[in-house]
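Student: Just dropping this structure here.
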Amino acid sequence: MIYFQNIYNLRDNVITGFLNTFSIALIAIILGTLIGIIFGMVLTYAKKPVQWPIRIYVDIMRGLPVLVTVFVVYYFLNSVLNMLFGFQMDANTSGAVALTLFSAAQMTELTRGALQSIPAGQIEAGRAIGLTFPQIFVKILLPQAVVQMIPPWINSATEMIKASTLLGMIGIVDLLLVTRQIVAKYNDALVYYVIIGCFYFILNTLIEFFGKRLSKRVNYLEKAAR
Amino acid sequence: MSEALLKFENVSKSYGDFNVFTDISLEVHEKEVVSIIGSSGSGKTTLLRCINLLEPFQAGKIILDGQEIGYHEVNGKRKRVSEKEIAKQRAMTGMVFQQFNLFPHMTAKKNVMLGLTHTKKMPVAEAEKLAEKWLSAVGLQDKMDNLPGQLSGGQQQRVAIARAVAMSPKILLFDEATSALDPELVGEVLNVIRNLAKEGATMILVTHEMRFAYEVSDKVIFMDSGKIAAMGTPKEIFEERPTERLREFLATFNTGKAE
């Protein structure tokens, strides 16, 4: 097929686009999860004044369109960095930072929700047998929170893949930008957009499929435990 | 008489302006079983929760096994001790909760083992043996690998008792241990507590089971609006009923009007 032949002709770009999309989304998911778990803990267990800055950060991130965050990081944050320290992040780094900021806010809310749904009696029971809070968190709270977090976490992961398509706007060669390049060269916009659309659809469907299987497995435990 | 194992010296507790209890002093000796009775809101559960520092208190001293717990003096000011120290002091007590509070993601055996391996730093094999021993002692030898959700309320509470006892605490605290159970499951839990009493465990029971309190206690404390309104042997409290308020309270149980 001529279309796939054309895609193959630009294979180097396609591979770059795929790697960029995937690596940036992956960084955002992993870093976002780690930061989100810590921030989620703070929002659940820390004193109010410590919660405030994180609360504000999370609300801003969740209230802004992701594209605005991307622009703010790329244009505004970079010019601030330049002014203060005389350096700038390249487009890829800026994109990763922007998506991580967004993803961390999502994961924070998700962690907070899961932790808050665990009855206070669990912490008290841990305390009563002499455990310290870090031990209680790792052995008692986190394992219960994770079970509840998996379904919305999968959802957030697919959100990140979709959000990565915005990165072409600051010149990152992501899959969508490569598609635009192909269209610019060979026309037939509809065909190529359908192909890339199918690709994203399949990728996200796969993630959700495996996510559902995973949460079913841990849910089996959960069901037995209720 | 020997030095008391647990001593309250003028302990007071309040939430803001509301005084939960004021100026409480009492002693519990080794191998004694003390029941605390009283209507809801009389402060008896809160009193119990102060002993393992789940609740802070504002004045007075609680002394357990010769050691003041929860607080110390720094430059003449009363300060809470570090969380690490508090965790250590808590391990001297064992608590059984009204709602069991088992860890739902762990088997019965793992529930009992957690404190042994993590607080007492016991090797896993040894902790497992001890967990098996205590689960058998409460009659759950064939339920050790079940998750709490697969157990009845009475079985869950017995796991919770095993979890508390396995830590070999100096004193066991029961916070309305049978109040959340279906009536037909109360007996099996009370039996376990009765056996512990026979074996010489030191226990404080906050309870609404008057008959049981009468039967197992060495001392009964009647609390009313944040005060110890009466204290004595089961006979003195339940038969002689020294105060008007106590008579009223016990009457609600006899006529079945209990909460």
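Student: For a label point 7 Å from the Cα of B:F253 along Cα→C-beta, name the residues of the stretch B:14-50 whose backbone N is under 18 Å from it.
Tutor: Flagged as within label range: B:33-46, B:48.
Student: Follow-up question, since we're still on this one. Would you mind checking B:K84/B:K143; B:K79/B:K109; B:K31/B:K79; B:K31/B:K121; A:K47/B:K129; B:K79/B:K110 for any pair whose Cα atoms are more than 29 angstrom apart?
Tutor: Numbers: B:K84/B:K143 34 Å; B:K79/B:K109 38 Å; B:K31/B:K79 31 Å; B:K31/B:K121 27 Å; A:K47/B:K129 41 Å; B:K79/B:K110 35 Å.
Table pairs above 29 Å Cα-Cα are B:K84/B:K143; B:K79/B:K109; B:K31/B:K79; A:K47/B:K129; B:K79/B:K110.
Student: What net charge is computed for the residues neighbouring B:N111, neighbours being all others with C-beta under 14 Å from the C-beta of B:N111, Lys and Arg scored +1, Asp and Glu -1? If you can, show how the numbers build up before the last one.
Tutor: Numbers: positive: A:K139, B:K109, B:K110, B:K143, B:R158, B:R163; negative: B:E128, B:E132, B:D145.
Its environment carries a net charge of +3.
Student: Karplus couplings for the stretch B:226-234 from phi (6.51 cos²θ - 1.76 cosθ + 1.60, θ = phi - 60°), rounded to Hz, Gly and Pro as x?
Tutor: With coefficients 6.51, -1.76 and 1.60, one gets x, 10, 7, 7, 7, 8, x, 6, x Hz.
Student: Does the stretch A:2-225 come out rounded, prolate or oblate by the C-alpha gyration tensor, with a ≥ b ≥ c the root eigenvalues, rounded set by a/c under 1.5 and, if not, prolate when a/b is larger than b/c and oblate if not? Intermediate results must be reported in sequence, preceding the final value.
Tutor: On the way: a/c = 3.30, a/b = 1.61, b/c = 2.05.
Since a/c reaches 1.5 but b/c is at least a/b, the shape of the stretch A:2-225 is classed as oblate.
Student: Using θ = phi - 60° and the Karplus form 6.51 cos²θ - 1.76 cosθ + 1.60, what ³J(HN,Hα) does each residue of the stretch B:101-114 get, whole Hz, x for Gly and Pro?
Tutor: For the stretch B:101-114, the Karplus-derived couplings read 6, 6, 7, x, 8, 10, 5, 3, 5, 5, 4, 6, 6, 3 Hz, x marking Gly and Pro.
Student: Have a look at A:N20, A:T132, A:Y193 and report the one farthest towards the positive end of the charge dipole of the stretch A:2-225, computed about the Cα centre with Cβ charges (Lys/Arg +1, Asp/Glu -1).
Tutor: Toward the positive end, the furthest listed residue is A:T132.
Student: Also, quick follow-up: Which shape class, rounded, prolate or oblate, goes with the protein assembly as shown when its Cα gyration tensor gives a ≥ b ≥ c as root eigenvalues, a/c under 1.5 marks rounded, and past that a/b bigger than b/c marks prolate?
Tutor: Verdict is prolate for the protein assembly as shown.
Student: Further question on the same structure: Out of residues 5 or more away from B:V96 or on other chains, whose amide H comes under 5 Å of its own, with H placed 1.01 Å from N in the peptide plane?
Tutor: HN-HN under 5 Å from B:V96: B:L173, B:F174, B:D175.
Student: Then there is this: Give me the distance in nm between label points sitting 7 Å out from Cα along the Cα-to-Cβ direction at A:L67 and A:Q5, one decimal.
Tutor: Rounded to a tenth, the inter-label distance reads 3.6 nm.
Student: Here's another thing I want to ask about it. Determine ³J(HN,Hα), in whole Hz, for all residues of the stretch A:30-40 in sequence, where each value follows from phi through the Karplus function 6.51 cos²θ - 1.76 cosθ + 1.60 and θ = phi - 60°; x replaces Gly and Pro.
Tutor: So the J values, rounded to whole Hz, are 5, 4, x, 5, 4, 4, x, 5, 5, 5, x.
Student: Assuming R0 = 45 Å, what is the FRET efficiency of B:S168 and A:V50, from their Cβ-Cβ distance, to the nearest 0.05?
Tutor: 0.75
Student: Separate question: Would you mind checking the pairs A:K139/A:K216; B:K77/B:K219; A:K139/B:K77 and listing those with alpha carbons more than 32 angstrom apart?
Tutor: Violating the 32 Å Cα-Cα cut-off are B:K77/B:K219; A:K139/B:K77.
Student: If I take R0 = 56 Å and measure r between the Cβ atoms of B:A125 and A:I207 in this structure, what FRET efficiency does the formula 1/(1 + (r/R0)^6) give, to the nearest 0.05?
Tutor: Plugging the Cβ-Cβ distance into 1/(1 + (r/R0)^6) gives 0.85.
Student: Continuing with this model, one more query. Rounded to the nearest 0.05, what FRET efficiency do B:E3 and B:A180 give with R0 = 35 Å and r taken as the Cβ-Cβ distance? Could you check?
Tutor: Values: r = 36 Å, r/R0 = 1.02.
FRET efficiency, B:E3 to B:A180: 0.45.
Values in this text are rule-based calculations from the coordinates and carry no lab data. Everything numeric in this text was worked out from a predicted model, so none of it was measured. So basically every Cβ, Gly included, is an ideal-geometry build from the backbone, and we count neighbours across all protein chains shown.
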